[in-house]
Amino acid sequence: MTEKIETRQVLFSVGEGWWESMEGCSPQEIAAELGRLGANIRQEEANQAKDIGAVEVGSASAKPKSADSVVVTEIAGKSLADAKVLSSNQAGGSFPVVFSAAELERMEFAPLRWIVPNLLPAGLTLLAGTVKAGKTKVMTHVAVEVATGGKVFERLEVEPAGVLYLCLEDGWRRVQDRMRGLCANGWPKKLYFVNKWPTMDKGGLDELSAWLEDHREVKLVIIDILAKFRWPKQRGENFYDWDYRTATAIKDVADKQAVAAVVLHHTNKLLDSPDIYLRISGSQGLAAGADTLALLERQDRAQREAQLALAGREVEGQELIIQYDPDSGGWRLLGDAGLYNTSEERRQVLQFLEQRGMATPKEVAAGLGKNESTIRNMMRTMANSAQLAECGNGRYAVPRMR
């Protein structure tokens, strides 16, 4: 069982040497030592002291005599290992905190928050794609589903949460048009839009953090697009450092506020590279600073199907095929790209039905010049995997978003 300090105590941020001296001590012994440290605060600083519970100590701004006693922070109910982290954070990370493997074993962490199961965790996600590949349309769909607690890509159920969308390239008419089909069942109250926001060098991150403090229900932030939000490159700064500094600064806000931040960006000329990290415009600094990378590709902008590739610290590498519905503005998941792309015959069936509307296997087979039995079995399999919808009277159609 993890040993915890149950009484209301405070902990000084102290140097690593102090922790080593307390190794093996019980919480009660540590509490007694903290009380002794509190008693050593200089008299003039003790005048600022306030009673915060079991031990009366100086305020966080007061500095004890001991050179390596920096600040105080409350650790009631925390494990000793967690207290070390808290004390370091209160000191601004000004000294390293070293843990033993035994301490690491006893540490307790909150479960990882998934905004979209197995696809979008809390932290920083970088979504890259070519110009007009559909990044904004995909994330608008995701935003609506998250805000309403619906199904992302018509398959993945999500918990309802607030969403902030920084649509920095769009006017309000375009945003409204994009939302109309998606909001046939009502416009969500917890989906917030803004099309003007300070850049990072003008306090944009501080504004974002403060806004999220006032809107705790928001768990997803979408920044569309990075070029309209990031701070400028400093004189003499190389591109990797600029990119990494940008990504980690946004990630820090996402981590502090426990939200998922999705930043939209462009791909570069290495689009054909098998390494997803090399397809993102700029240096590898952006990829290095992000938790999750996502790449959206469409061979033809008129094509409804798109490939969504993902990789990250918490997300297993995967490539999916999603399909756009121009009538509703939504997207649906067709399946794994490896399976979907291997079947040319399935693509022919989908294309035939998109042009025809509804048809029986016999009509499809005749139109494609294929064996009727083969097409019938294939279409039944496609219906079972939600690639086709059964319309009655033996007819099938390409599914539409609800």
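The values are calculated or read from the model by the stated rules, or taken from the named source; none is laboratory data. Here the structure is a predicted model, which is why all the values come from computation and not from measurement. Using ideal geometry, Cβ is built from the backbone for each residue, glycine included, and neighbour counts are taken over all protein chains shown.
Rundown of residues vs (1) surrounded by fewer than 21 Cβ atoms within 10 Å (Cβ to Cβ); (2) under 20 Å from the mean Cα position of the chain (by Cα); (3) acidic (D, E), yes/no style:
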| position | (1), (2), (3) |
| --- | --- |
| T140 | no, yes, no |
| K151 | yes, yes, no |
| P188 | no, no, no |
| E207 | yes, yes, yes |
| W211 | yes, yes, no |
| H215 | yes, yes, no |
| V221 | no, yes, no |
| Y240 | yes, no, no |
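Look at (1) closer than 20 Å to G134 by Cβ; (2) in contact with a helix residue (DSSP H, G or I) (Cβ under 9 Å, 6 or more places away or on another chain); (3) without any contact (Cβ under 8 Å) to a residue 12 or more places away in the chain and you find that P198 fails only one, number (1). Report the residue count in the stretch 216-239 for those that are among the basic types (K, R) and touching an Asp or Glu at 6+ places or on another chain (Cβ under 7 Å). Here the count works out to 1.
Once the stretch 342-351 is narrowed to residues that are within 12 Å of M379 (Cα to Cα) and without any contact (Cβ under 8 Å) to a residue 24 or more places away in the chain, the residue that is nearest to the chain's Cα centre (by Cα) is R347. Residue count for the stretch 332-385 satisfying the condition of being part of a helix (DSSP H, G or I), farther than 30 Å from V142 by Cβ and of a type in the set (S, T, Y): 2. Might you check whether a residue that is of a type in the set (D, E, K, R), modelled with pLDDT of 85 or more and farther than 21 Å from Q303 by Cα occurs anywhere in the stretch 353-369? Checked the stretch 353-369: at least one residue is of a type in the set (D, E, K, R), modelled with pLDDT of 85 or more and farther than 21 Å from Q303 by Cα.
Inclusion of K256 among residues that are over 27 Å from A133 (Cβ atoms) and either outside the structural domain of L310 (by TED's automatic domain parsing) or touching a Ser or Thr at 6+ places or on another chain (Cβ under 8 Å) (or both) is warranted. Within the stretch 277-297, restricting attention to residues that are part of a strand (DSSP E or B) and modelled with pLDDT of 90 or more, the residue that is farthest from K132 (Cα to Cα) is T292.
Figure legend. Inter-residue proximity from the stretch 285-314: first residues under 23 Å from F239 (Cβ atoms), second residues outside any strand (DSSP E or B) and polar (S, T, N, Q), beta-carbon distance below 6 Å, spacing 6+ or different chains. Indicated pairs: G289/T248.
Conditions (1) within 23 Å of V131 (Cα to Cα); (2) in a helix (DSSP H, G or I); (3) touching a Ser or Thr at 6+ places or on another chain (Cβ under 9 Å); (4) assigned by TED's automatic domain parsing to the domain that holds V142, marked per residue:
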| residue | (1), (2), (3), (4) |
| --- | --- |
| L205 | no, yes, no, yes |
| E213 | no, yes, no, yes |
| R216 | no, no, no, yes |
| A227 | yes, yes, no, yes |
| R230 | yes, no, yes, yes |
| L264 | yes, no, yes, yes |
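You will find that of G357, G330, G335, the residue that is surrounded by fewer than 14 Cβ atoms within 10 Å (Cβ to Cβ) and among the small types (G, A, S) is G357 and no other.
Entry remark, the stretch 298-327: residues being assigned to a loop (DSSP other than H, G, I, E, B), surrounded by fewer than 17 Cβ atoms within 10 Å (Cβ to Cβ) and under 19 Å from the mean Cα position of the chain (by Cα) number 4 in total.
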